[in-house]
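Working notes, beginning with the structure itself.
None of the figures in this text is laboratory data; all of them are computed from the coordinates on show. Here the structure is a predicted model, which is why all the values come from computation and not from measurement. Quick reminder, even Gly has a Cβ in these numbers, built from the backbone with ideal geometry, and neighbours come from all protein chains shown.
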Amino acid sequence: MIAVLGASGQLGSAFVRTLGSACLPVTRDELDLTDLDAIGPWMQSVKPEAVINCAAYTAVDAAETDVETARAVNALAVGALAESTAHHGAGLVTFSTDYVFDGEKETAYVESDGPHPLNVYGRTKLEGERLALRANPEILVIRTSWLLSGTHPNFASKMLELISKGPVRVVDDQRGCPTLVDDLVVATNSAIKTRTAGVLHLVNNGQTTWFGLAREIAEIAGLDPDAVSPCPSSEYPRPAKRPLNSVLESERLDELMISRLPHYRQSLETAIRQIWEGPHGITSL
């Protein structure tokens with residue numbers, strides 16, 4: 001039995017759908033990761049074969065002032081999970097972020113590049129990576145980026161809402177890899193089957209800016225892409241600094257014989273249809 005933490009979230013729910021009866025969905029009600037003392041007893045009680053940790057503190061700007069909570073969930077709890085799964089002989093997969101990098105590299109970041117996060121969120125995720133791998137080098141840490149789906153609120157659903165109402169300005173100087181959670185789940189399962197350990201980058205093929213992505217979202221939905229205009233990040237100052245380049249690539253996939261994720265465009269089209277047609281879609285706003 002595989003326990004999926006953060007089971008109600010965007011990524012966790014995709015694992016729950018894929019794993020079906022082999023999965024034990026775990027939400028914060030069952031295991032609150034801010035309570036580090038609860039992790040060991042939970043492992044002893046549940047005894048999963050493996051844990052897929054999709055739970056995270058992802059409010060990047062809020063983390064700048066809520067450092068204690070962000071560190072508890074993204075760092076200390078991940079380290080405690082690694083210790084506990086190692087003690088019980090269970091596997092562990094946990095997810096990290098492109099924000100562990102500072103964005104100063106001109107080309108894509110690979111696993112061997114040295115991290116240098118610019119914000120609290122990135123620092124706590126990097127600390128979680130290091131604590132977990134120190135506790136158990138056999139775990140798998142997956143760095144990914146710009147997660148999208150047709151099932152949960154995200155950049156795509158927000159852009160559809162805004163563009164359907166009028167012109168939108170979107171930053172055009174931050175570049176990354178949009179990644180659809182269903183594709184990420186497939187690739188993660190392949191990595192699990194090959195018993196991959198250590199840090200692995202998994203993102204959809206293709207890169208763009210937030211502005212470019214917003215235009216694509218408009219095009220797919222049949223909205224006017226010219227309603228989206230570019231602007232620099234300086235026009236929308238945020239509490240947390242973002243890397244200008246957070247494009248990820250993997251130097252390990254060929255060696256591991258893991259298939260690369262497809263280009264994000266095809267899966268993005270599916271997600272946009274789900275957003276339009278879903279119970280909380282634009283048509284119901």
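Just order 264-276, 78-90 by mean Cβ neighbour count inside 10 Å, highest at the front, would you?
78-90, 264-276
Rounded to two decimal places and with Rh computed the Kirkwood way over Cα pairs, what is Rg over Rh for the chain?
Rounded to two decimals, Rg/Rh equals 0.96.
Over the residues of segment 152-278, compute the C-alpha Rg and express it relative to 2.2 N^0.38 Å.
1.17
Using the Kirkwood formula over every pair of different C-alpha atoms, what hydrodynamic radius in Å results for segment 63-116?
With all distinct Cα pairs of segment 63-116 included, I get 13.4 Å.
Taking neighbour counts of Cβ atoms within 10 Å as a proxy for exposure, in what order, fewest first, do S45, S149, S190 appear?
Result, fewest neighbours first: S45, S190, S149.
Assuming R0 = 30 Å, what is the FRET efficiency of M1 and R273, from their Cβ-Cβ distance, to the nearest 0.05?
0.35
How high is the relative contact order of the chain, in percent, with contacts defined as C-alpha pairs under 8 Å that are six or more residues apart?
Worked out over the chain, it gives 20 percent.
Go through segment 55-65 residue by residue and turn each phi into a ³J(HN,Hα) via Karplus (6.51, -1.76, 1.60, θ = phi - 60°); whole Hz please, and just put x for glycine and proline.
Each residue of segment 55-65 in turn: 6, 6, 8, 10, 7, 4, 6, 4, 4, 4, 10 Hz.
Please list the non-local residues whose amide H lies under 5 Å from the amide H of S96, H modeled 1.01 Å from N, same-chain partners needing a gap of 5 or more.
Excluding prolines and chain starts, which carry no amide H, the hits are I142, R143, T144.
Once Rh for segment 103-156 is found with the Kirkwood sum over Cα pairs, what is the Stokes-Einstein diffusion coefficient at 25 °C and 0.890 mPa s, in µm²/s?
Translational D for this selection: 181 µm²/s.
Pull up all non-local amide H partners of R169: gap of 5 or more, or a different chain, and H-to-H distance under 5 Å with H placed in the peptide plane.
Here the answer is S229, since their amide H atoms fall under 5 Å of that of R169.
As a check on your grasp of the helix formula, calculate [θ] at 222 nm for the chain: sum -39500 (n - 2.57) over DSSP H runs of n ≥ 4, divide by the residue count, round to the nearest 500.
Estimated from H runs of four or more residues: -10500 deg cm²/dmol.
Which whole number of Å³ per residue matches the convex hull of the alpha-carbon atoms in segment 1-119?
122 Å³
When the chain is fully extended, how far beyond the present Cα-Cα distance does V110 get from D32, taking 0.36 nm per residue of separation?
Result for the pair: 24.9 nm of gain on full extension.
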